[in-house]
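Let me begin by presenting the structure, written as structure tokens, before commenting on it.
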Amino acid sequence: MTLAVFFPFLMAALAAWLGPRLGRRTGYVAAAAFLPALLLIPDLLRMPGATPALEVTRWVPTLDLDLAFRGDGFSLLFAVLIGVIGTLASLYSVAYLSDRERFGRFYSYLLLFGGSMLGLVLTDNLVALFGFWEMTSVTSFLLIGLWHTRSAARDGAVKAFLVSALGGLALLAAVALIALGGGSTSLSALDVAALRESAYFAPALLLTLLAAFTKSAQLPFHLWLPTAMEAPTPVSAFLHSATMVKAGVVLVAKFGLLFGSSALWSGIIVPVGLATLVWGSWLALRQTDLKALLAYSTVSQLGLLMSLYGLADAEGRFAATVHLLNHAAFKAALFFVVGIIDHETGTREIPLLGGLRRALPVTFAVALLASLSMAGLPPLGGFISKELFYETMLHQGPLFLAVAVAGSALTFAYSFRLMRVFWGSPRAPAGATPHEAPLGLTVPAAGLALTALAFGLLPGTAETLTRTASAALNFADYGGYLKLWHGVTPALLATVLTWLIGAALVWRAATVEALGRRLTPRVNANTVYYALTQTVNVFSSWLIARTQGLPLPDQLRIMLAAAALMAGYAVWRAPQVFPPIGTPPLGVLPVAALLVAGAVGVLLSRGRLTAVIVTGLTGFGSAAAFLAFRAPDLALTQLLVEAVTVILFLLAFRYLPGVRDLPRTRGRYAFDVLVAGLAGVGATLLVLASLRFQAPPISPYYLEYSYKGGGGKNVVNVILVDFRGFDTLGEVLVVGMVALAVLSLVRLGKPGRPRRAPDDAAELAADLAARRRP
Amino acid sequence: MLTPPDVALAPLLPILLVLAGAVSSTVLGFHLPRRTLTAINLVLLLLSAAAMALLWSGPGELPATAFGGSLRADNAAVLLGLTIVAGSMMALLVSLDTAYRARLSFPEFDAMLMYAVTGTLLIAFSGDLIVMLIGLEVMSLASYVLATLQDSRRAEESGLKYFLLGSVGSAVLIYGLALVYGATGSLSYGGIAAATAGLTPGNLGLLVGGALLLLAGFGFKVALAPFHQWTPDVYSGAPTTVSLFLSTVVKVAAFAGMLRVFGGALQNAPFWASALQLLIAATLIVGNAASLFQTNFKRMLAYSAVAHTGFLAMALLGTPGLGGAALGYYLLVYTLMTGAALAIVAALQRTEAGMNISDLRGLYHRHPGYAVALAACLASLAGLPPFAGFFGKYLAFQAAFQNGYVWLSILAVLASVAALVYYLRPAMLLFMPDRTPAREYPHGQRPATNLTVALGVAAITVLGLLPNLWYGWLADPAIWELLAGR
């Protein structure tokens, strides 16, 4: 299994390398990459009886993350399905792609997808499940956007990616919750009972559903699938009908065993699935593009599968698994057929086409079989699984059955509509001479259509295949039901009713179309999506316009206001306690006055020189304060620093223009006053609050040990070089750098001479040229 | 009783080696060409990394300390220090190729850069607030100069802005530091952590005030909104090599400081986490929304750096054991992917303003190697598996989520969906058919840049596939629970 997953990745690298050399024949290499997946067939056929194999490769043991692959029946069944459809799609694309296609890129993306998808279904580790899930989204994005010269392809790719990325992240969250609640990241080792008890159960359930609905294009996330049809047709067949979009269904099937006990689970999935079934097939009926029709048809069929698995009982799982196989067969075949039509006539528009059965007899036969199966007519597989679907829904109640019948009748009608291109007078766009496609295109399609037929004529084949998943999905005691003829049952009556309604829909097609035009809702998922992206865009441009490249004063305002808010929050949460101040020494008052005068003076000064000198007042005031508190050494340092600062300022000012008052609006002015006032008051209060000894004073220690230990009589010196020598080292560094900065300031050009604007490359070049000239 | 002074050189050695590089660049700059100096510095950085690796303490060993615990060479310091060295080497390697074009090719550049690295290492190795502050100031002062060194108005403007706003940030930080000291009576992380347990209400008020002012100061250094204003201006105005250095090494160091202070010293202090949560939410919204509509690629990367600050800071909200490991992993990955992306910008830009996003169109057809590498970096920045950026985000979200920050995690998830758009747009343009004339500098592909980019991209790919190569070293929660020492 590990090989089956990783072999396509290896072959993807090979295909990328071989692409330019082999051209379209790279497709055979790609088909070979799915061989290990096909080799899982013997394992599959041993299935419901055998114990599932578990292959573990250690990956990130510290995070409880392993590459564990577990081959239970359902996983193997789906893996083999991926292998089969992947092989067919690779072979089909050999004949399908145009000569100008970049084969290396196409096939390596396709194989990357194949590997990710195989990993997704086979993995037993929840985090790896997410990883593979996300990789399928990425590769799907790459494949949809393959023809990225078209804007529709880019738009479709981005839309698909955003929707599935949202789901992917929901899955990540769900997986994290499940791992927390269930105590393991291994799907098979989860403690289901503990998970059900834990508080994470409901959120994990909802997040899982979000992931599954986005991936499987359920309402209202179905919007991405039709636009994803911009991908080449083999990709649509492989990813967007048979495998990737079913990842959500697989998730619901597997996780149904965890969550199925909750009423919330079926309560959400079944209505959503049925609504998707009806709405999707209604929209499919209204399409004129064949591929769009198939896209919406896929949406509706996924809804059907969802509702069946969502029931979370043995009957539903059995019916869903049968239909999953049927759908993969007939839908992939139909995509291949549409690809052939597109290839031969150059268009996919139903009104432009007609009478193709004469020109394309084999394709016609394939299309007939496949669409009969889709419509649910005997003796094809689709009929059998539809009967099962009805019977299951009948057990849920008449309302469920009614919805199911409505959806299926619409399906019947659009299947018929699809086939219209083969009847009537031969029509094709000018210049196109349709003739039967090469074998490379017809054989894969025919194989699938014959499978659909076999599932109907020999229900035993479908039964055997489905049964392999019985142990994994817990429907072992259910089955033996697959027959063409069950006798006259309620399900059969419902089927007949379906045909009647379907026939009526076909007969009154014009009325239906008129009705459809009138029923088009003004708001749909697409308009919501575009409105949402538009809102984000508007918000983003507003934000950029308002915050980017603000002038320095505004930036300062924002910063200070934010810091003030945070300090205010601190005071609110933990109020300050003010110790009694006592009587301040009177000698400090003049110093305080000096400090305040300095600060106010800067504000009032007009010239830069005055401002510097007045700023100096605060510095010298601090020195005076140190003197007043009997710290002459500190005062000396402060004086020196102050002097250096003033000199530095003066040096720097040589290069600056005169002081200009920046224009300030009244609002800004008020704001500045407010911020400054708050900052002043806040700082004062904080100082007052900290006016007490929190800890025993440290000075006696230094006084005692400076001489005893450090051997110095100047305590400050000993502190600087001994006790805190390390800090001094850092300070020396700072001084060194300041010196360098001073040097570069001094060495900067002389005042008065305009310096060359250096980003002007043109000027520089002209200068150089002028110098070279003799 | 007087204890003999605790001076151990081994824990100091990594820092001294870098300092030696700085000093030698300052002195030898008069005699040697710059490229020789850069080569010397690269060797010294490697030696410093080796010295750090030797300081690794196995299980049961006590980490080496010096100066009475002021300097802690514990495993956290080693891991963060190695990340810093990796980023610094990327910046130096890229400068070998681009400094001449950026008119930065003089010894002061190397000297300043190495001084800044000295400061960053001091932060990572700090054991008390004073050492941390000195490191922070050494780093900041050197970065202000670095941003201004280039002889251009853009650089001067950005440098001056950086300096003025940065000094306000530092002032706020120092004020907070003083209040924390006032409340706990201790400057060492261990002392503060021990003192936070039993505080009187009066002291608690001071502590909370101090902690929040520290948060505001650090918020400026790491560019958390609304303190992020300088980031786009400075990153896009400074020469690209300097932007690379500022957005990787300086940010890593500031986060290392935050980790030491908030994850270590203040880990039991109340209220800062809820304020940080709000700042992160604002950062996620502002950073991601503003990135959406940028036209200049360098400026977009600057905003993406802001957005990533939000993601990175989420790790700080986790429990120290989990959050520290998440942050440690994410920081290295962030350094590598941002460094590689900016190295490509530095090689391809025509002017130091970087290039427009639309100029990237069709790059694949002109420089296939760079285009693929840039796409990988963008995918990793977007957090897509199998690149390492995914694990970084995963770990950070997990850390915040498990500690109960559910809404923030949801916001972060939605923000990463929006982030996909602005990372994917340039990535898609890279592979578009080539119709416009090339607008990049034609001779930018040089060996040193190529090596940097190749190593960076290889590392994010390998670390994405095998995260344990790095995470395995970080995963021991004990490393991060003892940030403050015992």
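Between A:L743 and A:A194, the FRET efficiency from the beta-carbon distance, with R0 = 60 Å, is close to 0.30. Interface between chains B and A: roughly 7800 Å² of accessible area buried, both sides summed (probe 1.4 Å, protein heavy atoms only). In chain A, the calculated helix contribution to ellipticity at 222 nm averages -23500 deg cm²/dmol per residue, counting -39,500 (n - 2.57) for every DSSP H run with n ≥ 4. The longest part of chain B holding none of the exposed loop chymotrypsin sites (Phe, Trp or Tyr not before Pro), meaning those outside H, G, I, E and B in DSSP with at most 14 other Cβ atoms within 10 Å, is B:101-486. What you get for region A:287-507, charging only the Cβ of Lys and Arg (+1) and of Asp and Glu (-1), is a dipole of about 420 debye around the Cα centre. The string of couplings for region A:129-140 from the Karplus curve (6.51, -1.76, 1.60, θ = phi - 60°) is 4, 4, x, 5, 4, 5, 5, 5, 5, 5, 5, 4 Hz, one whole number per residue in order, with x for Gly and Pro. Helix B:13-28: angle to the longest alpha-carbon principal axis of chain B, degrees 0 to 90, nearest 10? Between helix and principal axis, roughly 50 degrees. The convex hull defined by the C-alpha atoms of region A:106-264 has an orientation-averaged projected area of 8.4 nm². Between the amide H of A:D289 and those of A:I350, distances stay under 5 Å, these residues lying 5 or more places away or on another chain, with hydrogens modeled in the peptide plane. Annotation: Cα Rg of the protein assembly as shown relative to the compact-globule expectation 2.2 N^0.38 Å equals 1.05.
Between the C-alpha center of region B:353-400 and that of region A:431-461 there is a gap of 43 Å.
Measuring nothing but protein heavy atoms, the accessible surface of region A:588-747 at 1.4 Å probe radius is 73 percent carbon and sulfur.
For region A:504-514, putting each phi into the Karplus relation 6.51 cos²θ - 1.76 cosθ + 1.60 with θ = phi - 60° gives couplings of 4, 4, 5, 5, 9, 3, 5, 4, 4, 5, 4 Hz, in residue order, rounded to whole numbers and with x for Gly and Pro. In the context of the full set of protein chains, region B:314-418 has a per residue accessible area of 23 Å² (1.4 Å probe).
Which percent of the accessible area of chain B is formed by carbon and sulfur heavy atoms (probe 1.4 angstrom)? Using a 1.4 Å probe with all protein chains present, chain B comes out at 70 percent carbon and sulfur. Our coupling estimate for region A:451-466, obtained by passing each phi through the Karplus curve with A = 6.51, B = -1.76, C = 1.60 and θ = phi - 60°, is 4, 4, 5, 4, 4, x, 6, 10, x, x, 5, 5, 4, 4, 4, 4 Hz, Gly and Pro reported as x.
Calculated on the Cα set of region A:18-136, radius of gyration then Dmax: 16.1, 50 Å. Put simply, the C-alpha atoms of region B:333-486 give a gyration tensor, and the ellipsoid matching it has half-axes of 33, 19, 12 Å, longest first.
Note on region A:287-507: the alpha carbon radius of gyration divided by the globular reference 2.2 N^0.38 Å gives 1.03.
Shown here for region A:451-546: trypsin sites (Lys or Arg not before Pro) in loop regions (DSSP other than H, G, I, E, B) with at most 11 other Cβ atoms within 10 Å, namely A:R522. In this structure, the amide hydrogen of B:L483, modeled 1.01 Å from its nitrogen in the peptide plane, lies closer than 5 angstrom to no residue at least 5 positions away or on a different chain. Residues of region B:214-262 buried by at least 10 Å² of accessible area upon assembly of all protein chains, compared with the chain on its own (1.4 Å probe): B:A216, B:F220, B:P226, B:F227, B:Q229, B:D233. Measuring against 18 Å, Cα to Cα, the residue pairs B:K221/B:K251; A:K159/B:K298; A:K254/A:K331; A:K159/A:K331; A:K331/A:K386 contain A:K159/B:K298; A:K254/A:K331; A:K159/A:K331 as the ones spanning a longer distance.
In region A:1-156, the portion of solvent-accessible area held by carbon and sulfur atoms comes to 64 percent [1.4 Å probe, whole percent, DNA, RNA and ligands not counted]. Against chain B, whose longest principal axis comes from its Cα atoms, helix B:368-382 is set at around 40 degrees. A:S186 contributes about 30 Å² of solvent-accessible surface, heavy atoms of the protein only, 1.4 Å probe. Angle of helix B:107-125 to the longest C-alpha principal axis of chain B, folded into 0 to 90 degrees and rounded to 10: 40°. Size descriptors for chain B, from the alpha-carbon set: Rg then Dmax equal 21.2, 80 Å. Database remark: amide H of A:G354 closer than 5 angstrom to the amide H of A:R427 (H placed geometrically; neighbours at sequence offset of 5 or more, or on other chains; Pro and chain starts carry no H).
Solvent-accessible surface (1.4 Å probe) assigned to A:F671 amounts to roughly 80 Å².
The values are calculated or read from the model by the stated rules, or taken from the named source; none is laboratory data. If you're wondering where the values come from, they're calculated on a predicted model, not measured in any experiment. Using ideal geometry, Cβ is built from the backbone for each residue, glycine included, and neighbour counts are taken over all protein chains shown. Note: accessible area is taken over every heavy atom of the protein model, side chains too, but ligands, DNA and RNA are not part of it. Shrake-Rupley method; radii C 1.70, N 1.55, O 1.52, S 1.80 Å.
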